[in-house]
1. Specify which of the listed residues (B:Asp30, B:Asp42) is in the same structural domain as B:Ile11 (by TED's automatic domain parsing) and surrounded by fewer than 11 Cβ atoms within 10 Å (Cβ to Cβ).
2. From the list A:Ala163, A:Ala139, A:Ala173, which one is aliphatic (A, V, I, L, M), modelled with pLDDT under 90 and either on the phi < 0 side of the Ramachandran plot or outside the structural domain of A:Ser124 (by TED's automatic domain parsing) (or both)?
3. Answer yes or no: is there a residue in the range A:58-68 that is at the interface with chain B (Cβ under 10 Å from one of its Cβ atoms) and either over 20 Å from B:Ile67 (Cβ atoms) or of a type outside the set (A, V, I, L, M, F, W, C) (or both).
4. One residue is enough: does the range A:158-173 have a residue meeting the conditions more than 10 Å from chain B (Cβ to nearest Cβ), in a helix (DSSP H, G or I) and touching a residue at least 60 places away in the same chain (Cβ under 8 Å)?
5. Identify all residues within the range A:160-174 that are in contact with a Leu (Cβ under 8 Å, 6 or more places away or on another chain) and surrounded by 17 or more Cβ atoms within 10 Å (Cβ to Cβ); write none if there are none.
6. Going by the conditions given, is B:Glu65 surrounded by 11 or more Cβ atoms within 10 Å (Cβ to Cβ), facing chain A (nearest Cβ under 7 Å) and farther than 30 Å from B:Lys6 by Cα?
7. May I ask you to list the residues in the range A:6-23 that are within 9 Å of another protein chain (Cβ to nearest Cβ) and either under 30 Å from A:Leu135 (Cβ atoms) or in contact with a helix residue (DSSP H, G or I) (Cβ under 6 Å, 6 or more places away or on another chain) (or both)?
8. Where residues in the range B:11-36 are within 14 Å of another protein chain (Cβ to nearest Cβ) and in contact (Cβ under 8 Å) with a residue 24 or more places away in the chain, which of them is nearest to the chain's Cα centre (by Cα)?
Amino acid sequence: MQSKLSDLELIQETLGGNQAAYTELVKRHQRFVFTLALRFAKSREDAEEIAQDCFIKAFRSLASFQGQSKFSTWLYSIVYTTSMTFLRKKRLNTDSIDDENTYIQVENQTSAFDINNAENKSRSFYLNQAIGQLLPDDAAIITLFYKGEQSLEEIGRAMGMEANTVKVKLFRARQRLKEKLERNLKQEAKELI
Amino acid sequence: MNIEEKLWNYIDGSCPADEQQAIRSMIASDEAVRLKYQELLDLNAEFAAIEADEPPMAFTYNVMEAIRAEQAQKPLKAAINKRIILGIALFFAITITALLVYTFAHVHLAPADINSAIPSALKTMRAQNFLTRPVVNGFVFFDVVAALFFFDAWLRRKKKLSSI
């Protein structure tokens, strides 16, 4: 019955002391929050920690949510800042896309994907693999745009950027994703031959 | 802005109406643009089909448990209802006022006899009588303990703020 309530109604219920309403909110958004956290953390354990931290932070500050934006946009801004703090703690440089070290680091992370059998790999597998090779910011923008049902303005609000900057970043992220996808598919074809 | 960027904006619907019209006619007239547009459309559909990852089964339970644990750890001063504090304050205020009213009602204020002498047996208070060594030691000990307590509370608050 509670699942029919809107996010705002669930927030009001939670603020009124009904914790079950917040459980419903967590269930509703956990999949995407976890996915977004995974774009930054790369390991499931770290992503789970980030996602959990985000929901706890959101619960603490729920009273300060004004309802001027969507709850999801507000929640994703928490995910973004928490993930950035996580990355800073991990001493990963996410600022420069040309950073040689970062590139090597990200490239190395992808080698873990190669353990699967070639015949089990589908096109979506390669796509996920390519997303895993992107820099966190690029992967987050792609995920927010395609899976988070967020407009450019909302993504900008969540990431603390102008909508136009998001537009340019989204274009570049798509280009990089396309390049990586093509490269991975070529690599796989070579291995099969 | 290159043609690919324009096409992406067209697909997203984020370009102005006149530009949309121009791109539409380019797609219709130019074979290369049409092919590029089709390629980007396919990519867009592919990107849109990316599946979100599933968190562990116990994720919601863990979040709610963490919230419950955090709430249980709340300091007592935060858990006390402000109405109770107000009630206690009101009780004391009424009691003190009633006592003052009762006292003043029973005091007969008569003019003092100017010629009457101060009784010779009246003793003056001397601070030295009270500031004995054990009292001073006790006072210093209490101050040190209080200072350590407040310093600890300050450090905890600082740590909590930095973790947010």
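1. Every option except B:Asp42 fails the conditions.
2. Only one candidate qualifies: A:Ala163.
3. Yes, some residue in the range A:58-68 is at the interface with chain B (Cβ under 10 Å from one of its Cβ atoms) and either over 20 Å from B:Ile67 (Cβ atoms) or of a type outside the set (A, V, I, L, M, F, W, C) (or both).
4. Yes, there is a match, as at least one residue in the range A:158-173 is more than 10 Å from chain B (Cβ to nearest Cβ), in a helix (DSSP H, G or I) and touching a residue at least 60 places away in the same chain (Cβ under 8 Å).
5. A:Val166, A:Lys167, A:Leu170, A:Ala173, A:Arg174 - these are the residues of the range A:160-174 that are in contact with a Leu (Cβ under 8 Å, 6 or more places away or on another chain) and surrounded by 17 or more Cβ atoms within 10 Å (Cβ to Cβ).
6. So B:Glu65 does not fit the description; no.
7. A:Tyr22, A:Thr23
8. The selected residue is B:Ile11.
The values are calculated or read from the model by the stated rules, or taken from the named source; none is laboratory data. Everything numeric in this text was worked out from a predicted model, so none of it was measured. Every residue, glycine as well, gets a Cβ built from its backbone with ideal geometry; the counts of neighbours run over all protein chains shown.
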